[in-house]
1. Can you bin segment 1-148 into rounded, prolate or oblate? Criterion: square roots of the alpha carbon gyration tensor eigenvalues sorted a ≥ b ≥ c, rounded for a/c under 1.5, prolate for a/b above b/c, oblate for the rest.
2. Show me the ranking of peptides 80-87, 473-480, 140-147 by mean Cβ neighbours inside 10 Å, starting with the highest.
3. Find, among the chymotrypsin sites (Phe, Trp or Tyr not before Pro) in segment 379-439, those assigned to loop by DSSP (not H, G, I, E, B) with at most 14 other beta-carbon atoms within 10 angstrom.
4. Any chance you could run the full-extension gain for Ala163 through Phe146? It's 0.36 nm times the residue separation minus the Cα-Cα distance, nm to one decimal.
5. Enter the Cα centre distance for the pair segment 87-151 and segment 279-350, rounded to the nearest angstrom.
6. When you count, for each residue, the other Cβ atoms within 10 Å and take the mean per peptide, how do 249-262, 157-170, 121-134 rank with the highest first?
7. Structure shown: which of Lys88/Lys290; Lys17/Lys380; Lys85/Lys380; Lys170/Lys330; Lys170/Lys338; Lys23/Lys380 lie over 23 Å apart, alpha-carbon to alpha-carbon?
8. Compare the peptides 38-49, 62-73, 393-404, 337-348 by average per-residue count of other Cβ atoms within 10 angstrom and give them in order, highest first.
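Values quoted throughout were computed directly from the atomic coordinates according to the rules given, and no laboratory measurement underlies them. Quick caveat, the model's predicted, so the values are computed rather than measured. In this analysis, Cβ positions are derived from the backbone assuming ideal geometry, glycine residues included, and neighbour counts consider all displayed protein chains.
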Amino acid sequence: MKQAYVNTENKHVFTLKLRESIKSVAPIVALVAALCLICVPAPTDLALAFTVGSLMLILGMTLFTMGSESSLTSIGSHMGAALTKTKKLPLIIAVTFALGVFITMAEPDLQVLADTVPHINSLLLVVTVGVGVGIFLSLAMLRMIFGIKLRYMLMIGYALVLALTIFSPKDQLAMAFDSGGVTTGPMTVPFVLAFGVGISYIRSDSRAESDSFGLVALCSIGPILSVLILACFYRDTSVSDSALVRDSWQTTTQLGRHYISSIPHYMLEMVRALSPVMAAFIVFQFAYLKLSRKAFFRILLGLLITFAGLVLFLTGVNVGFSALGNEIGKLIGASKYKYLLIPLSAVLGWFIISAEPAVYTLQTQIEKVSGGAISGRSVKIGLSFAISAAMALAMTRVLTGISILWFVLPGYALALIMSFFVPELYTAIAFDSGGVASGPMTATFMLQFMMGACRASRGNVLSDAFGLVALVAMMPLLSVQSLGLIARIRQGKSAPAETLVDDEIIELMEAAE
């Protein structure tokens, strides 16, 4: 009877997640299909590949959201709590840095960006970004442990970014800002958010809730700084910009074989992505956690489901979505109606945020930590407005060649100013939202859509098409903090008290001596 109940419960969860995935992806598929059938003469084989990719995307999202709840979220929460309980600051920093580097190096979004960027070796770029995330994730842990206000660390971080933009090559700026967004994708976000929540459970002060967010925000700064530094000293001219050479399939069997042959590649990527996390979890299980056998194997099963979901998701997105996105952008960009790309990008941005796996994780975490005080639905609506505006601005840059600095510098300045007038929890959520909004759908379909339009209008891909992810990561900072400002005005209350429990800080400081 118990086994039958478990199976029934699992089926119910799968059905619920499947419905959510269909609801998220269907508007994008319908919009792209309408474009292809009515006004954009896309090749038939690409349209068929897009259809197959859509089915894989839906199933992949379903499995990912099922598996991540019981695996990545649990692992991050358990490891965060276990690390803090050790009261060994050097161990906390060392483990945090290592996890930040390895998880980031295996992040699918980063692999996509690295393979696309010209003039920089892809492996070097991945390692550089990984080190940047590792350093800033360690700093984020120190912020949580010692109760440092998030806004001050953000101000210092972005001040350093501003200083480095003066010395970095101008055509590398957009790519550097993009690197900060792609590092916080479906692999990194569930783990990092839960990792922070696990550490916050150790504290009982009134700021523990808000301090559990902000990790993703700080992790987004590290890659920008590290890539800007790299751009000042390194440039590989042997790696050049090349247009996307799309595959073509004469028969349905050729298309099917291409999908099947692509699966092992993404399986290998996901093995690399999950292996460091699994290894660290197993070490902590025997050294600190001591979970029951049932709980341990439940997490391993969740990792397996997450693995299968991400493989299907990435295969569908990369094989079925990227090429069609590039083709649509190229066809419209070469026509006399190219400025219609701006409102079209806005519409795509509105719907595409629903298909990002990491956004679901953030919504769940927000409602859990805030005890339902902050609705995940309201955050999602705010993100939809933000991403819609970001996509429109990005396409405006593609068609006009306006520098990325004219957008990101005033945007981040305004976001930092707003942080002084809204509750700190909203500020932390806003900067985390900026990271999770720029996921696989943005880095594959929309980036290729922008690149196709840029090449058709004879723009500079490196300086004009890149920068999309940066704008997508920036706009939620303004929209979510606006929600916080509205909520504060409605409640007529001051921000939560920001006192700290001195005993906890003293204990950790003593452990560090």
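1. Note, shape of segment 1-148 comes out oblate.
2. Working: 80-87: 19.1, 473-480: 27.0, 140-147: 21.1.
By packing density, highest mean first, the sequence is 473-480, 140-147, 80-87.
3. Sites meeting the loop and neighbour criteria: Phe420, Phe421.
4. The Ala163-Phe146 span can extend by a further 3.4 nm.
5. Segment 87-151 and segment 279-350 have Cα centres spaced 19 Å from each other.
6. Averaged packing, sorted descending, gives the order 121-134, 157-170, 249-262.
7. On the way: Lys88/Lys290 19 Å; Lys17/Lys380 17 Å; Lys85/Lys380 34 Å; Lys170/Lys330 25 Å; Lys170/Lys338 26 Å; Lys23/Lys380 14 Å.
Checking Cα-Cα distances, Lys85/Lys380; Lys170/Lys330; Lys170/Lys338 exceed 23 Å.
8. The most tightly packed comes first, giving 62-73, 393-404, 337-348, 38-49.
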